[in-house]
Amino acid sequence: MASNRRLASQKAKSIGSQGILMLLVGLGLILVAFAGFLAIPKAAADVRASEGLVVPVPVNYPAPEVALNDLDGNPVALSDYDGQVILYNAWATWCPPCKAEMPTLQAYYEKRKDQGFVIIAIEDGLQGNVDVASFVAEYGLTFPVWPDPAYVASKAFGVTGLPTSFVIDREGMVRLTWSGEISMTALEKYVTPLLTE
């Protein structure tokens with residue numbers, strides 16, 4: 001009887017020791033995971049600080065065909081720019097971050113247009129009686145701007161917020177996308193390499 005108690009006591013101590021060991025290992029793993037979790041926002045913040053608030057996401061799928069009319073009422077299509085790198089920018093005249101990024105897009109376009117690069121800014125559904133041509137003149141935009149009152153391009157590309165941009169390579173594949181105001185640093189880092197492919 002005493003030996004049974006001793007055996008049970010030793011077994012209980014053994015189980016208790018294993019339980020404590022498992023608990024310590026579990027707590028250690030939780031602490032490591034928590035430290036990793038805390039490091040992610042810092043790494044993301046470092047990228048955002050150096051490249052701007054928006055970092056493009058790599059994707060790879062065929063660009064949908066979009067046909068609209070330009071500001072003069074002439075028919076235009078993305079396919080008119082086959083063989084060029086196209087940055088399709090979905091924007092609206094009433095959208096503050098859209099307005100804020102226009103000077104950056106214009107500067108990048110002027111710098112890269114001779115390399116087979118074009119920005120096509122498609123105004124996403126006119127809100128009331130808005131004069132897109134006046135907006136283009138006010139901001140000094142020299143890249144193509146197409147009104148899209150029926151959201152044709154937004155539906156084709158699945159745009160859910162503004163501004164949203166897609167970069168289409170020379171082969172007609174969408175390679176990058178982002179939502180929000182882009183910086184010149186991010187454009188140079190992510191879009192410029194596609195110009196040399």
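Taken together, the values in this text are just the output of simple stated rules run on the coordinates, not laboratory data. Small disclaimer: the values here were computed from a predicted structure and weren't measured. When we count neighbours, we look across all protein chains shown, and the Cβ atoms used for this are built from the backbone with ideal geometry, even at glycine.
Given points 7 Å out from each Cα along the Cα-Cβ axis, report the K155 to A133 separation in nanometres with one decimal.
About 2.7 nm, to one decimal.
Taking θ = phi - 60°, what integer Hz values does the Karplus form 6.51 cos²θ - 1.76 cosθ + 1.60 yield along the stretch 187-197, in sequence order, with x for Gly and Pro?
Whole-Hz 3J(HN,Hα) from phi for the stretch 187-197: 4, 5, 5, 9, 8, 3, x, 5, 6, 9, 6.
Excluding residues fewer than 8 places away in the same chain, name every one of the aspartates and glutamates whose C-alpha is closer than 16 Å to that of K155.
List returned: E65, E123, D124.
Using amide H atoms built in the peptide plane, which far-off residues or other-chain residues are under 5 Å from W146 H to H?
A121, I122, E123
Going by average Cβ neighbours within 10 Å, how do the peptides 137-145, 187-195, 159-167 rank, with the highest at the top?
My ranking of the peptides, most packed first, is 159-167, 187-195, 137-145.
So, counting K/R as plus one and D/E as minus one, what does the shell of residues with Cβ under 15 Å around K155 add up to?
Residues close to K155 contribute a combined charge of -4.
Please list 3J(HN,Hα) in residue order for the stretch 135-140, calculated via the Karplus relation 6.51 cos²θ - 1.76 cosθ + 1.60 where θ = phi - 60°; whole Hz, with x for glycine and proline.
4, 4, 5, 4, 8, x
So if R0 is 25 Å, what FRET efficiency would M173 and K113 give, r being the distance between their Cβ atoms, rounded to the nearest 0.05? Before the final figure, lay out the partial values.
Working: r = 21 Å, r/R0 = 0.83.
Given R0 = 25 Å and the Cβ-Cβ separation, E is 0.75.
Please compute the net charge surrounding D70, taking Lys and Arg as +1 and Asp and Glu as -1 over other residues with Cβ under 12 Å from its Cβ.
Summing Lys and Arg as +1 and Asp and Glu as -1 gives -4.
Output ³J(HN,Hα) for the stretch 58-71: one whole-Hz value per residue in order, computed from phi by the Karplus curve 6.51 cos²θ - 1.76 cosθ + 1.60 with θ = phi - 60°, and x for Gly and Pro.
3J(HN,Hα) across the stretch 58-71, in whole Hz: x, 9, 7, 7, x, 5, x, 7, 10, 10, 9, 10, 7, 5.
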